[in-house]
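Here is the structure we will look at.
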Amino acid sequence: MTATLSPADQADGLDVLALFQAREAERYSLASRHMNQAMAQVLRTIGFDVGFVRGEGPYLYDRAGRRYLDLLSGWGVFGVGRNHPSVARRLSEVLSAQLPGMVQMDTPALAGLLAEALLRRAPYLQKVHFVNSGSEAVEAAIKLARRATGRAGIVYCEHAFHGLTSGALSLNGEAIFRDGFGPLLPGCESVPFNDLPALERALSSRQAAAFIVEPIQGHTVRVAADDYLPAAHGLCRKYGSLLIVDEVQTGLGRTGKFLAVDHWGVEPDMVLISKTLSGGFVPVAAVLARKSLFDKVYDRMERAVVLGSTFAGNDLAMAAGLATLDVIDAEGLTENAARLGRRLIAAFQAMASRYELLADVRGKGLMIGIELGKPRSPALRASWGLLEAANKGLFTQAITIPLLKDERIVVQVAGHASYAIKLLPALTISNDDCAWIERSFESVIAAAHRPAGPIWAVGKALAGNALRPSALQPPVSSKARRNSGRASRSGRRATAQ
Ligand SMILES: Cc1ncc(COP(=O)(O)O)c(C=O)c1O
């Protein structure tokens, strides 16, 4: 470690980097013992227990120094890549400047400046509320909408993902996340995504404070249909509900525009952003909103504290946000995402015309879903059916394993029991990286079309694992095991967020 040690550090000899180097290889047993044992087991089962030791730009490096292309980018956190030097430098400058952050009885200057910079990019909104995570942004948006409209209900979409805190979970469109955590917020109602008549039916009771929607659903990578968001906004206006667009994943250049809603020219009442805004360093999220909503929430001085959180707007998070916006502009990352997204989608569409296992390719910019589908040829159908019987979407999971092991591509299935693989790389990737992605998928997908090929063997091994009673569960009777089989199988799947 090169940093100067303080007297306190010298006294106790703490050297965090030395500690990392000495013990990082224990990470999975540490997780099993002290943290989420299911996650450690999932990673070992699917062979994702690589143990990365370094990250730079869109790449990860293993202990042998081998380079991997990371198409997960920390579930979208590393929009500007890992450890971006200008973001890192600006954060170090702020750290050494001893700024008076989190005074609390003060309004932080850097937060005001980041709010100003964000609103310049969404000029139809006038106010910003900072929080520390995407889920917290959703919680704040629920409160803003309820207070501003005097209504309790929130309409959300099937398969939506808005986070896992209790309020956000009430708007989650997947049972796997909700089960066992109820009762959740009353008055929340789901509608199918891209279904305007269903949305109109839900809003027409005039009970809904808001409709919340992702322009591209993170867990299905389904893109809003051309008329969906403009018409949804019209319906919200007609029935007195607010439109909240959750851009936690799609915002800040990811889809080839600063906000994904910019593709449709929609001006929502609230926009939620996070992930990329952190620069990959400091958790941060923001609710961008109309002034009229703030006027309702902060209508007298004693209410000045009704929204807020101790760490919200801290100087490091705000500096990360300012530095990230600067990098996005200076490096033309939004344009890069648009250009390389077009290239990748075209390449995968061409591949889909050659390979029966590729059912659909969709997305915008560098948020791309590649959906696998039931093959037509009898030999492939039989193997596919075997894997499906063990666990829905298992073949999709199987494909990610040779991508990691043979091609050094880090990628995951888009959501629980999903057939889609989601590509969510750093916005800094190059043409060479795109060639790497195209070559790797071509090779793995081609191999999957050989019925006796190794990918089916990988899939069958996974299926065997999925059907074995879970090592995570205490011993249970055979009857109970039969009944709980579905639940324990689902515990083995790691899904992207
Ligand atoms: C669209 C969307 N909203 C909200 C969230 C929740 O964000 P966080 O995990 O920071 O709480 C996520 C996380 O993946 C997301 O993709």
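The values are calculated or read from the model by the stated rules, or taken from the named source; none is laboratory data. Note that this is a predicted model, so its numbers are computed, not measured. Here Cβ is always computed from backbone atoms with ideal geometry, including for glycine, and neighbour counts include all displayed protein chains. Calculation scope for accessible area: heavy atoms of the full protein, side chains included, ligands and nucleic acids excluded. Shrake-Rupley method; radii C 1.70, N 1.55, O 1.52, S 1.80 Å.
Side notes on the structure shown:
- Considering only the chain, percent of DSSP beta bridges that pair antiparallel, nearest 5: 65
- Qualifying chymotrypsin sites (Phe, Trp or Tyr not before Pro) in the range 91-200, where qualification requires a DSSP coil assignment and no more than 13 other C-beta atoms within 10 Å, comprise TYR124, PHE181.
- Accessible area of SER377 in the full protein assembly, 1.4 Å probe (Å², nearest 10): 40
- Area accessible to solvent at LEU316, 1.4 Å probe radius, in Å²: 60
- Residues whose placed amide H lies under 5 Å from that of LYS127, excluding near-sequence neighbours: ALA289, LYS291
- The charge dipole of the range 104-225, taken about the Cα centre with unit charges on the Cβ atoms of Lys, Arg (+1) and Asp, Glu (-1), comes to about 400 debye, rounded to the nearest 20.
- Approximating the spin labels as points 7 Å out from Cα along Cα→Cβ, the THR165-to-ASP49 distance works out to 3.4 nm.
- Here the range 290-402 exposes an accessible surface that is 55 percent carbon and sulfur, computed with a 1.4 Å probe and the other protein chains kept in place.
- Dividing the summed -39500 (n - 2.57) terms of all DSSP H runs of n ≥ 4 by the residue count of the chain sets its mean residue ellipticity at 222 nm at -13000 deg cm²/dmol.
- Between VAL306 and VAL103, the C-beta separation translates, for a Förster distance of 25 Å, into a calculated FRET efficiency of about 0.80.
- Cross-link check: pairs LYS257/LYS392; LYS238/LYS291; LYS392/LYS460; LYS127/LYS296; LYS364/LYS460 evaluated at a Cα-Cα cut-off of 23 Å; pairs beyond the cut-off: LYS257/LYS392; LYS364/LYS460.
- For the chain, size of Cβ-based charge dipole, Lys and Arg +1, Asp and Glu -1, in debye: 1660
- Sites GLU200 and ARG439, calculated FRET efficiency, Cβ-Cβ separation with R0 51 Å, nearest 0.05: 0.65
- The chain: DSSP helices with Cα axial extent of at least 30 Å and average Kyte-Doolittle hydropathy no lower than -0.5: 333-354
- Rounded accessible area of LYS291 (nearest 10 Å², 1.4 Å probe): 90
- Accessible area per residue for the range 344-390 is 40 Å², calculated with a 1.4 Å probe on protein heavy atoms, without ligands, DNA or RNA.
- Against the compact-protein benchmark of 2.2 N^0.38 Å, the Cα-based radius of gyration of the chain scales to 1.00.
- Residues of the range 70-94 with amide N under 12 Å of a point placed 7 Å along Cα→Cβ from ASN36: 75
- The range 334-387 versus the range 125-177: alpha-carbon centroid distance in Å: 31
- Probe 1.4 Å, protein heavy atoms only - accessible area per residue of the range 50-193 in square angstrom: 46
- Computed over protein heavy atoms with a 1.4 Å probe, the carbon and sulfur contribution to the accessible area of the range 165-236 reaches 53%.
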